[in-house]
């Protein structure tokens, strides 16, 4: 029997190089077959990193002596604590509860943890995951024809069968002795639609027979886009909309029960009686949006970007060890391509003072400074999310910070930084950078050769150009449906690039740009009162002003309160719209947001859109009307981002009041956690 497929040693699964099974056996201090239990996330002592601790119920021991066989502590980087989440690409995430596998473990190396534990050696490569329905097993680069074959290969490599030590306290039958379920009672006759997007709530309808009158233990499985379908991924329970003997309706996830996206391929149904059936043709997943799972509600949501700098976007900073390297030019080319193709408002500023990848409100791009990256990992993107409650009580998540870290140049790794193309065994880092910036744009993996977000790239291969129907369309959807809009509590919306400022006047809008690209003209639109649905185009102007300073005037300005928005018309005819700004006949206009809100830290950010230069006074009162904080700030016409200190406030509800020298007054409810 063939124990495993032959791994492609030239392939890189999203910045991971293959680690042989023999190397994993040697490096791991503890190797166990185990079942995943409950998982709980917490902050480290410095409140900079979140780690998730999952208990493992050990079924067999292959190497080492476990400290606990009923609840062996397994630690993973990232997770959710309250309304804070951290997500790392190319990094192990806890398995769904009840999932089984073989774990190659080493002591967790991170400081500041409440208690010791283990983590998989090589991160995602440190676990061989069992597929219960088929009796097979897989890790990112290997598939095994059966669980027994995987076990036999490990025993052979260890070279001492006496080390295989069954744990007697398990009541469950280890999957290493179980075979695939081959009953064929269920049957799929059709599914629709044939192509979908993952992570946007799109519904797949599956028609057939023998599914069972109710779901029971049945499930639908999609190909796991993180490993090209070597394993499958089931939706979270809340994504099942209906289940009958002849029809199943389910949302297609980009963060399913294992936190992984659905990819192109056959869809599997395990019926309520355990029988298995597959679609005859593949479901096409054109792109996948990153989702943030809400642990308490069991739901997934699509996070947005917010403006965290004074020019309506997000600023990256090169770490000291990255800023003068050969990697700078290809990284800048990758950023420019995303910026021009989708309108994401990213820019570069002064170098960071540290290479540390940590929750510090700096978007750092740096090389690894030692052993920060797991074995076999060439780079990853860390996204820090914040959540807040909008006016309808829904949880809204947004990106607070994005860091990227890459493997340092090494004699054992052949990197091509361009502009020449990678050949032979070279790893093309411009392809790597443009892929990781796709994750920063909030796109997940797809199984689609030719797309930048395709899960794999080979040595000597080059994928430096965004795919228009997948990468670009997906990136634009994130921006146009989420990030260019005011989502209620998540901070100021992004300005579409190449905008750097936007302000309202009584008769129109004033705005500035820099480094214009993929842009043909601007259009000014107006709506009356609070109606932000019925828009009327009132003025246009072509793009291309040398100084990047524009003004669009309404030829028939309305009296009283009205709203303006700016449209950026692209060469393909599509239009990106900014968040509407209020205006009135007195040119006294202001719009403000406080984020995050609720506030757990010591500082919040206030965004204030002013029509003219003015002085702003900020007051914070408690529920009894007592003044706790007062500060003044000089603001300029347009978007202003101001820090607000809240470290001295106790837990509770407060009122933040703004007054300006132009006579404008606004109140914002503030919640201190």
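Kindly state, as a whole number, the per residue volume in cubic angstrom of the convex hull around the alpha carbon atoms of region 39-78. Write down the numbers at each step before the final one.
Values: hull volume 3.3 nm³, N = 40.
Expressed per residue, the convex hull around the Cα atoms of region 39-78 is 82 Å³.
Across region 214-361, the convex hull enclosing all Cα atoms gives 173 Å³ per residue.
Sorting 312-325, 610-623 by their mean Cβ neighbour count within 10 Å, with the most densely packed peptide first, gives 312-325, 610-623. Annotation for residue 244 and residue 360: the two label points, set 7 Å from Cα along the Cα-Cβ direction, are 5.9 nm apart.
Give the calculated FRET efficiency between residue 67 and residue 515 to the nearest 0.05, with a Förster radius of 51 Å applied to their Cβ-Cβ distance. Intermediate values should be presented prior to the final figure.
Numbers: r = 56 Å, r/R0 = 1.09.
Using R0 = 51 Å, I get an efficiency of 0.35.
Any idea what the relative contact order of region 304-482 is, in percent, if you count C-alpha pairs under 8 Å spaced at least 6 apart?
Working: 311 pairs, mean separation 40.1, N = 179.
The value is 22 percent.
Within region 211-255, whose backbone N sits under 16 Å from a point 7 Å along Cα→Cβ of residue 281? The answer is none, because no backbone nitrogen lies closer than 16 Å to the label point. Taking only the Cα atoms of region 590-672, the radius of gyration and Dmax are 12.2, 35 Å.
Nearest-5 percent of antiparallel DSSP beta bridges in region 271-394? Present the calculation step by step, with values, prior to reporting the outcome.
Numbers: 3 of 9 bridges.
If we restrict to bridges inside region 271-394, about 35 percent are antiparallel.
Please compute the contact order of the chain in relative form: average sequence separation of alpha-carbon pairs under 8 Å and at least six residues apart, divided by the residue count, as a percent.
Averaging sequence separation for qualifying contacts and normalising by length gives 10 percent for the chain.
Express the Stokes-Einstein translational diffusion coefficient of the chain in µm² s⁻¹, to the nearest whole number, given a Kirkwood radius over alpha-carbon pairs, 25 °C and a viscosity of 0.890 mPa s. Taking Rh from Cα pairs, D becomes 92 µm²/s. Can you tell me the 0 to 90 degree angle between the C-alpha axis of helix 328-342 and the longest principal axis of the chain, rounded to 10? Tilt relative to the chain: about 70 degrees.
Provide the gained length on full extension for the span residue 425 to residue 336, in nm with one decimal, where the gain is 0.36 nm per separating residue minus the Cα-Cα distance. Can you show the working numbers first?
Working: separation 89, 0.36 × 89 = 32.04 nm, distance 2.68 nm.
Extending this stretch completely gives an extra 29.4 nm.
How much of the DSSP beta bridge set in region 304-482 is antiparallel, as a percent to the nearest 5? Please list the in-between numbers first.
Values: 12 of 26 bridges.
Here the antiparallel bridges make up roughly 45 percent for region 304-482.
Relative contact order of region 499-583, please, whole-number percent, based on alpha carbon pairs below 8 angstrom and at least 6 residues apart. Over region 499-583, the number comes to 34 percent.
Normalised Debye scattering of region 625-673 at q = 0.16, 0.17, 0.26, 0.27 Å⁻¹ gives log10 I(q)/I(0) of -0.54, -0.61, -1.24, -1.29, counting only Cα atoms as equal scatterers and leaving out solvent. Footprinting exposure proxy ranking of 572, 245, fewest other C-beta atoms within 10 angstrom first, gives 572, 245.
The angle between the Cα long axis of helix 429-440 and the longest principal axis of the Cα atoms of the chain comes to about 70 degrees, rounded to the nearest 10.
Looking only at the chain, where both bridge partners belong to it, what percent of the DSSP beta bridges are antiparallel (to the nearest 5)? Looking only at bridges with both residues in the chain, the antiparallel portion is about 90 percent. Short to long, the 10 Å bins of the Cα pair-distance histogram for region 187-301 hold 16, 51, 30, 3 percent of all pairs.
If you rank 340, 489 by fewest surrounding Cβ atoms within 10 Å, what's the result? Could the numbers behind the result be given before it?
Working: 340 18, 489 22.
In increasing order of surrounding Cβ atoms, one gets 340, 489.
Using just its DSSP H runs of length 4 or more, each adding -39500 (n - 2.57), the chain gives a mean residue ellipticity at 222 nm of -2500 deg cm²/dmol after division by all residues. The distance separating the Cα centre of region 269-326 from that of region 207-226 comes to 23 Å. Across all directions, the average projected area of the convex hull around the alpha carbons of region 362-429 is 7.2 nm². Give me the tail of P(r) for region 11-177 as a percent: Cα-Cα pairs with distance above 22 Å. Across region 11-177, Cα pairs with separations above 22 Å total 41 percent.
For region 304-482, a Kirkwood hydrodynamic radius built from all Cα pairs, placed in the Stokes-Einstein relation at 4 °C and 1.567 mPa s, yields a translational diffusion coefficient of 76 µm²/s. Could you work out how far helix 147-158 tilts from the main Cα principal axis of the chain, as a 0 to 90 degree angle to the nearest 10? So the helix axis and the longest Cα principal axis differ by about 80 degrees.
Order of 24, 669 from fewest to most other C-beta atoms within 10 Å? Before the final figure, lay out the partial values.
On the way: 24 24, 669 11.
Result, fewest neighbours first: 669, 24.
Computing FRET efficiency as 1/(1 + (r/R0)^6) for residue 649 and residue 537, where r is the C-beta to C-beta distance and R0 is 45 Å, gives about 0.50.
Bear in mind these aren't lab numbers, they're just calculated from the coordinates by the rules spelled out. The model shown is predicted, which means the values in this text are computed figures rather than measured ones. Here the Cβ is made from the backbone with ideal geometry for all residues, glycine too, and neighbour counts use every protein chain on show.
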